[in-house]
Amino acid sequence: MSPPPLAGRRRPVPAVAAALLAAALVALPSGPAHAFTGANHEAITRAALPWEPVTLTAMADARDGAINANDHRPYFDVGPLHCDNADYLDSRDYPRTRDEATTELLACVRTSVARFRGAIRAADGLVDADGKVRADQSDLSSPCAWDGKPGRAKCAVLEQLGRGWHQIEDFYSHSNWVDRPAPGPIGLDNPPGLGRTDVAPFLDIRRHSAMEDAEWTREARARIPRDLTTGCYPDMDSTGVKPADCAGRVAHNRALNKDTAVSARSKTGDNFRHATAGATAEITRQWNDFEAGLLAAYPDHRRGAQMVCALVHDDPATACPPD
């Protein structure tokens with residue numbers, strides 16, 4: 001396999017057209033999961049990012065990559081870190097309202113907004129005031145810990161991005177944004193599918209990160225379709241409640257997830273492939289937006305451009321000389 005294209009080479013933000021999303025489709029291994037398996041997260045992330053191999057592995061590795069850090073406990077059991085529990089069915093007797101479901105989805109989006117802001121701040125440590133890459137802060141010769149503790153700036157940025165992107169990838173598996181229902185009646189075990197081929201407009205994380213929380217929340221809320229649902233999962237929702245089960249609700253395991261090729265919802269048409277394509281296109285957008293965010297936040301002495309270079313190269317002290 002040839003190495004991915006190198007730094008600063010921005011990929012286009014995916015368009016609405018299904019043809020562009022189809023280019024992101026990947027064949028992924030299967031297995032039981034609460035979220036895309038670690039291997040699936042790895043394949044999606046590798047397909048999306050134009051980074052050099054060592055750095056890409058630090059982000060994407062199925063077991064130890066930053067993209068999978070949210071699947072380690074205690075993060076595994078926190079619903080907003082996987083876009084769980086934003087379940088809704090347009091039925092008179094459904095136990096949750098559309099507003100309650102939307103509020104839960106926005107809690108998921110909020111975690112990614114916070115991580116984006118944290119990654120922008122952490123990137124300041126990658127280069128000095130004159131725009132020279134700091135070799136000690138961009139070195140990946142030893143593994144990053146993903147423990148949230150102070151350390152090398154590159155590890156801090158990758159951790160913030162990985163923990164912010166994980167739930168965005170999960171959204172495409174855990175929701176009905178990209179999929180179609182099975183033939184037959186629509187209901188708890190067969191919720192409607194939106195069949196969308198665009199990236200979700202309410203996941204505009206860079207835009208949200210520059211706004212007041214109340215302002216972006218109102219904007220994102222207005223962009224969430226009435227029939228959008230993710231699945232109920234017995235983990236902790238944004239209110240601190242951990243349901244004993246998901247009886248009477250659209251359930252993650254029974255009805256909706258496309259975490260593997262053999263998950264229940266994956267068995268209809270190309271639902272699994274559409275979920276992986278949507279997640280891949282989304283992470284491409286998120287990286288392009290983060291790159292643009294660095295350039296805008298740190299224009300002096302081309303510091304933002306040097307930060308981008310430091311993030312995508314394995315030996316940035318050599319690959320990213322100052323002007």
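No value in this document is a laboratory result; all are computed from the given coordinates. Computed from a predicted structure; not experimentally measured. Virtual Cβ from ideal backbone geometry, glycine too; neighbours counted across all protein chains shown.
Assorted remarks:
- Bins of 10 Å from zero: percent of alpha-carbon pairs in region 252-308: 23, 28, 18, 17, 12, 1
- Ranking of M59, M236, M307 by neighbouring Cβ atoms within 10 Å, starting from the fewest: M236, M59, M307.
- From the coordinates shown, semi-axes √(5λ) of the Cα gyration tensor in Å corresponds to which of (i) 39, 29, 25; (ii) 37, 26, 17; (iii) 34, 20, 18: (iii)
- Within the straight-line cut-off of under 16 Å between alpha carbons, the lysines reachable from K132 are K154, sequence neighbours fewer than 8 places apart in one chain being disregarded.
- Counting other Cβ atoms within 10 Å as a rough exposure proxy, the listed residues I67, I186 run I186, I67 from fewest neighbours to most.
- Proxy reagent accessibility, fewest Cβ within 10 Å first, across W177, W165: W177, W165
- Euclidean distance of C-alpha centroids, region 251-271 and region 66-103, integer Å: 16 Å
- Sites V262 and E219 - FRET efficiency at Förster radius 41 Å, r taken between beta-carbons, to 0.05: 0.65
- Computed extension gain for D93 through A319, at 0.36 nm per residue and net of the alpha carbon distance, reaches 75.3 nm.
- Between the amide H of V127 and those of R134, distances stay under 5 Å, these residues lying 5 or more places away or on another chain, with hydrogens modeled in the peptide plane.
- R63 versus D300: modelled label distance in nm, points set 7 Å from Cα along the beta carbon direction: 4.5 nm
- For the pair E212 and F76, the difference between a 0.36 nm per residue extended length and the Cα-Cα distance amounts to 46.1 nm.
- Scanning the chain for long hydrophobic helices, with DSSP H runs required to stretch 18 angstrom or more by C-alpha along their axis and to average at least -1.0 on the Kyte-Doolittle scale, returns 98-122, 153-174, 271-297.
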